[in-house]
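I have placed the structure first, in the form of structure tokens, so that the comments after it can refer back to it.
The values are calculated or read from the model by the stated rules, or taken from the named source; none is laboratory data. Predicted, not measured: the structure shown is a model, and the values here were computed from it. All Cβ positions, glycine included, derive from the backbone under ideal geometry; neighbour counts span all protein chains shown. Quick note on the areas: whole protein, heavy atoms, side chains included, nothing else; ligands and nucleic acids left out. Shrake-Rupley method; radii C 1.70, N 1.55, O 1.52, S 1.80 Å.
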Amino acid sequence: MPLHIAIDGPVAAGKGTVARLVAQRLGSLYVDTGAMYRVTALIALRNTVPFEDEEKIVELLKQNKIEMRNPNETEQDGRLTTVLLNGEDVSWDIRTEAVGQGSSKVAALVKVREHLVEKQQEIAANQDVVMEGRDITFKVLPDSKLKIYLTASTETRAKRRHYELQTRGQDVTFEDVYKDLQERDDRDMNRAIDPLHVVEGAWVLDSSNLTIEEVVDLIVERAKELKG
Ligand code: DC
């Protein structure tokens, strides 16, 4: 039986960084499901399709080839995962605030979710994965033995996101980042289909006062116990 580690949590809780490091330590595949919703938003933007046009977006998703893999030696530029859209490297194009906002809108579309959830389940079918997103613990991998809800205070998350955007040269104010984060949290937690929530039995990890290494150590320790 493959070991599936399912991690959910709000925007900028550190899921990506933590999941990537845990996967490295355990030799599992890291899967950033948010990147799939982000590419979907990017495809909509590039084709000037409104984020609400469900039918058209699903059609485009089927026509476009999306690939995700661990970054290779020439791609060590701070990215956590490499994302290709029809062979083009869009790993950074999907990290803008516009795409981030769009991704939480397309993530509210039932058919988009069905399509992407199926793809995520296929990826996890025969291998150990550390998968992170908003519905992994209860929708994508409901049978996972290790379900984690990784969170941090809104203030902490906004500070982290602001710092991250600044180091990438994006000129945004803290107030804008804070507001954007609240808006996305609101959409992710209150949408009609599969809203983000803490599932029964999930391990709630608040990283506000922990370093990344501390969080990673805690998860790896628990995973090793489960592996036996
Ligand atoms: O984790 P992220 O910021 O890259 O995610 C982008 C958006 O995609 C986020 O607003 C919520 C959505 N998402 C989702 O609905 N379900 C997932 N499994 C992953 C992300």
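Taking the conditions exactly as written (open to solvent by less than 20 Å² (accessible area, probe 1.4 Å), away from the ligand (no atom under 12 Å from the Cβ) and not in a loop (DSSP other than H, G, I, E, B)), does V130 satisfy them or not? Please lay out each step first, then the result.
Details: open to solvent by less than 20 Å² (accessible area, probe 1.4 Å): yes; away from the ligand (no atom under 12 Å from the Cβ): yes; not in a loop (DSSP other than H, G, I, E, B): yes.
In short, yes.
Within the range 83-96, residues that are on the phi > 0 side of the Ramachandran plot have Cβ atoms under 7 Å from residues that are more than 12 Å from the ligand (Cβ to nearest atom) and open to solvent by 60 Å² or more (accessible area, probe 1.4 Å) in these pairs: N86/K65, counting only partners at least 6 apart in sequence or on another chain.
Of all residues in the range 97-119, exactly one satisfies the criterion of being free of Cβ contacts under 8 Å to residues at least 60 places away in the same chain, of a type in the set (A, V, I, L, M, F, W, C) and open to solvent by 40 Å² or more (accessible area, probe 1.4 Å), namely A98.
Scanning the range 200-212 for residues that are surrounded by fewer than 16 Cβ atoms within 10 Å (Cβ to Cβ) and either among the small types (G, A, S) or in contact (Cβ under 8 Å) with a residue 60 or more places away in the chain (or both) yields G201, S208, I212. The residues of the range 133-145 that are within 17 Å of N190 (Cβ to Cβ) and surrounded by fewer than 23 Cβ atoms within 10 Å (Cβ to Cβ), listed by number, are F138, K139.
Considering only residues of the range 97-127 that are within 12 Å of the ligand (Cβ to nearest atom) and assigned to a loop (DSSP other than H, G, I, E, B), which is nearest to the chain's Cα centre (by Cα)? Here the residue is A107.
Mind checking whether some residue in the range 177-186 is among the aromatic types (F, W, Y) and surrounded by 15 or more Cβ atoms within 10 Å (Cβ to Cβ)? Within the range 177-186, one or more residues are among the aromatic types (F, W, Y) and surrounded by 15 or more Cβ atoms within 10 Å (Cβ to Cβ).
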